[in-house]
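Asks: Before I ask anything, here is the structure I am working with.
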Amino acid sequence: MKNFREIELLSVYLDGQLNESESKRLETRLASDLELASVLNDLRLTRGILRKLPARKAPRNFTLTRKMAGLKPPLPRSYSFFRFSTAVATILLMFTFAANSVARLSFGFGAAAPAAGPAFGMGGGGCDEPCGEALQAAATEAPAATEAPAIEAPPADMLPAPTTDGTLRESEPSPDAVQTPKEPAVESELQNQAPVEKEAVIPVMWQVILLVVIGSSGLTMWLIQRSASRKWQ
Amino acid sequence: MDETALIHSAQNGDLDAFNTLILHYQDAVFNTAVRILGDEDMAQDAAQEAFISAFRSITSFRGGSFKAWIMRTVTNACYDELRRQKRRPTTPLEPETSDGEEMDSPKWLADPNMTPAQQSEADELEHAIQHCLDELPTDFRTVVVLADIQGMDYTEVAAASQVPLGTIKSRLARARLRLRECLRGFEELLPSSFRLEGERTL
């Protein structure tokens with residue numbers, strides 16, 4: 001068996017890819033070297049057998065459909081307008097939410113400080129909804145308030161005549177006497193809290209309008225796409 | 001068929017132009033795939049994938065031999081298919097009967113112009129050659145299929161295989177040598193000239 005370099009040379013010669021001088025040199029060797037000539041013949045016959053293999057025809061057409069090729073239907077120019085308007089409206093909507101959130105946060109911090117002062121001192125402030133209940137509870141704790149007059153009791157001559165009813169009347173706090181100092185505090189707290197909740201940089205109406213724009217543009221885009229793909233098919 | 005004009009149209013997204021090119025090359029592409037893969041179903045998949053991939057990347061075609069370019073695509077598709085096959089359970093090359101035995105003369109190889117005896121011999125020879133091709137390493141098989149079965153020249157084979165010209169020469173010589181050794185095992189099926197030559201060299 002010849003070395004591989006010689007076999008490669010023979011293979012290239014067989015395909016007519018050797019230049020003229022190399023071919024002549026090899027042909028001179030082939031005339032004298034029978035083994036080399038025999039290997040060349042083997043390679044020629046092997047190639048011949050491969051070339052005789054029947055060509056297999058395609059069992060079906062491999063032509064591509066638009067779907068297979070990944071092509072999309074051409075869309076009208078108005079589509080890009082709607083796409084742009086949807087994108088802009090979406091960005092604006094996000095901006096409105098962000099702006100309103102920031103506004104609420106900043107007002108919330110500003111309003112929290114003054115609300116905390118009276119709340120701490122009055123034993124019922126600094127809360128949102130339970131405030132009313134707490135104040136009501138405070139109002140019913142009237143006996144605590146009635147004890148104070150007992151300590152700083154007026155002179156006996158100024159007191160009404162001691163009767164069995166009288167002590168009860170004294171111990172019963174009159175609703176006016178208890179609630180009167182509390183009411184202004186409740187109102188002032190509610191007044192302090194109300195602006196914080198109502199504060200919004202961008203009105204809700206604008207957000208609704210933007211939502212409508214996004215929805216209608218998206219729907220229009222979908223309809224355009226659908227009609228374009230139907231026409232294309 | 002003005003191939004250059006069709007390629008240019010296809011590069012501009014004209015699917016009909018590309019389909020005309022497909023109709024022209026589909027036999028060569030399928031034949032290459034079936035010889036590299038040794039299985040008709042897999043070859044169909046690879047050919048279809050190759051054409052889809054070719055359409056999507058046709059803008060990257062910068063001139064030269066379109067056949068070599070399309071053969072490179074199908075060769076890559078065949079390599080992908082072979083990699084996929086390694087991950088899946090293997091199926092026999094030959095169709096099986098209901099008893100699970102391989103069919104000697106499968107219907108899919110039948111040629112109505114031959115007598116049954118000729119058909120049988122042709123089938124067996126083709127099986128023998130395909131068997132020897134399958135025994136080759138994939139890189140060698142690809143080169144020998146493109147050069148000796150498709151009749152492409154070295155430059156086209158190098159472009160299709162994306163390897164240097166020297167490597168093509170070397171792989172082709174080695175592949176032919178190995179095929180010759182393998183085919184000696186099927187001498188009774190080979191043409192008489194091949195048998196006699198084989199006996200002389202032995």
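The values are calculated or read from the model by the stated rules, or taken from the named source; none is laboratory data. Treat the numbers as computed from the prediction; the structure is a model and nothing was measured. Using ideal geometry, Cβ is built from the backbone for each residue, glycine included, and neighbour counts are taken over all protein chains shown.
Asks: May I ask you to verify whether B:Leu6 is touching a Ser or Thr at 6+ places or on another chain (Cβ under 7 Å) and surrounded by fewer than 17 Cβ atoms within 10 Å (Cβ to Cβ)?
Replies: no
Asks: Kindly establish whether B:Arg72 is at pLDDT below 90, more than 14 Å from every other protein chain (Cβ to nearest Cβ) and assigned to a helix (DSSP H, G or I).
Replies: Against the criterion (at pLDDT below 90, more than 14 Å from every other protein chain (Cβ to nearest Cβ) and assigned to a helix (DSSP H, G or I)), B:Arg72 does not qualify.
Asks: Every residue in the stretch B:53-69 that is outside any helix (DSSP H, G or I), over 14 Å from B:Leu6 (Cβ atoms) and in contact (Cβ under 8 Å) with a residue 40 or more places away in the chain, please.
Replies: B:Gly64, B:Ser65
Asks: Among the helices (runs of 4 or more DSSP H) contained in the stretch A:1-67, which hold 3 or more residues that are facing chain B (nearest Cβ under 7 Å) and among the polar types (S, T, N, Q)?
Replies: Correct list: A:34-52.
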